[in-house]
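For reference, the structure is listed below as structure tokens.
The values are calculated or read from the model by the stated rules, or taken from the named source; none is laboratory data. The shown structure was predicted, so the numbers you read here are calculated from the model rather than taken from an experiment. Don't worry about glycine lacking a Cβ; one is built from the backbone with ideal geometry, like all the others, and counts go over all protein chains shown. Note: accessible area is taken over every heavy atom of the protein model, side chains too, but ligands, DNA and RNA are not part of it. Shrake-Rupley method; radii C 1.70, N 1.55, O 1.52, S 1.80 Å.
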Amino acid sequence: MAQVNLQTLEDYVVVKCYNTFNIVISKSFLTFIRRKPQLEAELKIKYIAHVNQHAPKETLSVMMVGVDGMSRNSMIRSMPKTRNFLLDTMNAVELHKHNKMGDNTYPNVVGLLTGQNEFYLLNNSWNWDMPFDHINHLFLWSAYRNAGYRTAMFLDRSYVTAFHYQKRGWVKQPVDYYFREAVVDSESDMMRNGSCVGDVPDITLLTDYWVKFATLFNNSKTEPYFTYSFSANLTHDDVNMASAGDELYYRFLSKLVDGNLLNNTVLVFFSDHGPRFGPIRSTYNGMIEARTPYMFLVFPSWFHTKYPQLMEVVKTNQERLTTHTDVYETLIDLLYFKAETGKESLTQPRFSLFKEIPEGRTCEHAQIPVEYCACMGFTEAKLSKTLGHFLGLALVDRVNTLIPEKIKSNCTTLKLEKVTDPVEMTSNADIKTYHVTVTTQPNDAIYEGDVVLTSTNEAAVSGDIVRLNLYKNQADCIEDPKLKPFCYCTN
């Protein structure tokens, strides 16, 4: 066995093993996290200023660990070991009525990280063609860094991320520790196999990175941190693959507990939304699951003892309607922590979970679009075949009008193939609203949307239309990421 004395200033190295024919037979990606003297000096000044100005009662680090496309129910089914460890050993608070804010990852993580919807960013001198550098100050990690926290981000894909897929990402790295270079290199590795990077699962590469980070910076009183990670590789295309990550996430959480690495840290273990594709998504249960991602918050055990009144409020809010923007507000509250409770007004669009959310909160109060709201009343729609077809035609007509005239010649006009089990939503005598699912040709697409039907039999689509299956390369002839699900290129 060869011994190597490795000295490097790089953030990661790749160790290759060769056989006797000088052919690479295995690779290992090794990561390193070091204190950066110049950064530490800068952060120390910021942290002292933050404490002097705001006098927070506690300074707690924050670790955010996200998994793509998993509902609360799918986590119960696919990751029972992880979930039970969170609840039984880590005393996690699970939000039971957590509702997503938009269709895919982007609007949901924008809500989680900025407290705003995606259109707010577009109204802040930013557009799809610009990198996020122009609005990086709006993200949570910037608020924490300005307070003297070390910041880090780990996204397990280089292209299919909320900030890079059909977007520009960042020119300058947005955080102090950014793992993107290693991910880019690993994706071009000819030996990469499925969900493995070198000789380990990519989940293990990600979670081991956070264990190292939490080990190095394990004193929030002197070296607080804010970290954000999001894993898409395992579950993005097939949520059923989540079971393969159950043991890996359980081991990760066990390492954090066994190493006492969360004694000064709040862990946010979350998903962005439920499953968006696959057979289950076209069912009634799938419709509900798509809207209800899981969300866990883990506070240090001493925090429960020292602030029982706060934890009582947080546990009350478990059974209230919550969104990603509420978690954002909670983390902002934690940054300037005053240990104050109270009951807020329904006029507010977002709440810190340390303040009691009113019982009567609705999706409208929380600024959740009705087409993504799980709180609506749904019943089986007993419609004639003719009326069902009429509703389906209204939905398809709306899909076709989404393509603007200037690029309309690039896309084929879609035709209705079938309507699948319309669902009636809470309605009144004069206006009825139906949740309609259709299949179209020639793109073999499945769309769903809400169609309003008046007493005079006028039909109009309300809110967004969502595509339930992948469009892949069907829309390569247009650039707009919002329109791609609705275009089937003529050529």
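I'd like the full set of residues that are open to solvent by 70 Å² or more (accessible area, probe 1.4 Å) and farther than 12 Å from Y249 by Cβ, limited to region 79-90.
Scanning region 79-90 gives D88, T89.
Do we find a residue being open to solvent by 40 Å² or more (accessible area, probe 1.4 Å) and out of contact with any Asp or Glu (no Cβ under 6 Å at 6 or more places or on another chain) anywhere in region 443-450?
Yes, there is a match, as at least one residue in region 443-450 is open to solvent by 40 Å² or more (accessible area, probe 1.4 Å) and out of contact with any Asp or Glu (no Cβ under 6 Å at 6 or more places or on another chain).
Has region 96-117 got at least one residue that is farther than 22 Å from F299 by Cα, of a type in the set (A, V, I, L, M, F, W, C) and open to solvent by 40 Å² or more (accessible area, probe 1.4 Å)?
No, because not a single residue in region 96-117 is farther than 22 Å from F299 by Cα, of a type in the set (A, V, I, L, M, F, W, C) and open to solvent by 40 Å² or more (accessible area, probe 1.4 Å).
Of S61, S74, which residue is surrounded by 14 or more Cβ atoms within 10 Å (Cβ to Cβ) and either touching a helix residue (DSSP H, G or I) at 6+ places or on another chain (Cβ under 7 Å) or of a type in the set (K, R) (or both)?
Exactly one of S61, S74 is surrounded by 14 or more Cβ atoms within 10 Å (Cβ to Cβ) and either touching a helix residue (DSSP H, G or I) at 6+ places or on another chain (Cβ under 7 Å) or of a type in the set (K, R) (or both), namely S74.
Sort out for me the strands (runs of 3 or more DSSP E) sitting completely within region 427-491 that have 1 or more residues that are among the basic types (K, R).
Filter on region 427-491 gives 431-441, 459-467.
Any residue in region 13-39 that is within 16 Å of Y178 (Cβ to Cβ) sitting within a Cβ distance under 8 Å of a residue that is outside any helix (DSSP H, G or I) and modelled with pLDDT of 90 or more? List the pairs, counting only those 6 or more apart or interchain.
As it stands, the answer is I33/Y177; K36/D176; L39/R150; L39/D176, since those pairs meet every condition given.
Within region 49-97, which residues are touching a Leu at 6+ places or on another chain (Cβ under 6 Å) and assigned to a helix (DSSP H, G or I)?
Residue satisfying the conditions is F85 alone.
Which of (1) surrounded by fewer than 19 Cβ atoms within 10 Å (Cβ to Cβ); (2) assigned to a helix (DSSP H, G or I); (3) hydroxyl-bearing (S, T, Y) does T330 not meet, given it meets every other one?
So T330 meets the others, but not (1).
So, in region 125-154, exactly how many residues are buried (at least 18 other Cβ atoms within 10 Å of the Cβ) and either touching a residue at least 60 places away in the same chain (Cβ under 8 Å) or aromatic (F, W, Y) (or both)?
15
Would you be able to tell me the number of residues in region 333-361 that are part of a loop (DSSP other than H, G, I, E, B), open to solvent by 10 Å² or more (accessible area, probe 1.4 Å) and more than 19 Å from G111 (Cβ to Cβ)?
10
Do we find that S254 is of a type in the set (S, T, Y) and either open to solvent by 40 Å² or more (accessible area, probe 1.4 Å) or not in a helix (DSSP H, G or I) (or both) in this structure?
So S254 fails the test.
Six or more apart or on different chains, Cβ under 7 Å: which pairs go from a residue in region 198-224 that's in contact (Cβ under 8 Å) with a residue 40 or more places away in the chain and within 13 Å of F32 (Cβ to Cβ) to one that's surrounded by 19 or more Cβ atoms within 10 Å (Cβ to Cβ) and polar (S, T, N, Q)? Could you list them?
Sorted first by the residue in region 198-224, then by its partner, the pairs are F213/T227.
Which numbered condition in (1) open to solvent by 50 Å² or more (accessible area, probe 1.4 Å); (2) under 32 Å from the mean Cα position of the chain (by Cα); (3) closer than 23 Å to I288 by Cα; (4) among the basic types (K, R) is the only one that R467 fails?
(1)
Filter region 214-251 down to the residues that are open to solvent by 60 Å² or more (accessible area, probe 1.4 Å) and not in a helix (DSSP H, G or I), then identify the one that is nearest to L334 (Cα to Cα).
The qualifying residue nearest to L334 (Cα to Cα) is K221.
I need the full set of residues from region 104-124 which are assigned to a helix (DSSP H, G or I) and without any contact (Cβ under 8 Å) to a residue 12 or more places away in the chain, in order please.
Hits for region 104-124 are P107, F119, Y120, L122.
Based on what the data block shows, is S455 surrounded by fewer than 19 Cβ atoms within 10 Å (Cβ to Cβ) and out of contact with any strand residue (DSSP E or B) (no Cβ under 6 Å at 6 or more places or on another chain)?
Yes; evaluated as a whole, the condition is true for this residue.
So the check is Cβ under 9 Å with 6+ separation or different chains; which pairs have a first residue in region 360-377 that's touching a residue at least 60 places away in the same chain (Cβ under 8 Å) and a second one that's surrounded by fewer than 16 Cβ atoms within 10 Å (Cβ to Cβ) and assigned to a loop (DSSP other than H, G, I, E, B)?
Short answer, once both residue conditions are applied: I368/T362; V370/E364; C373/T362; C373/E364; C375/T362.
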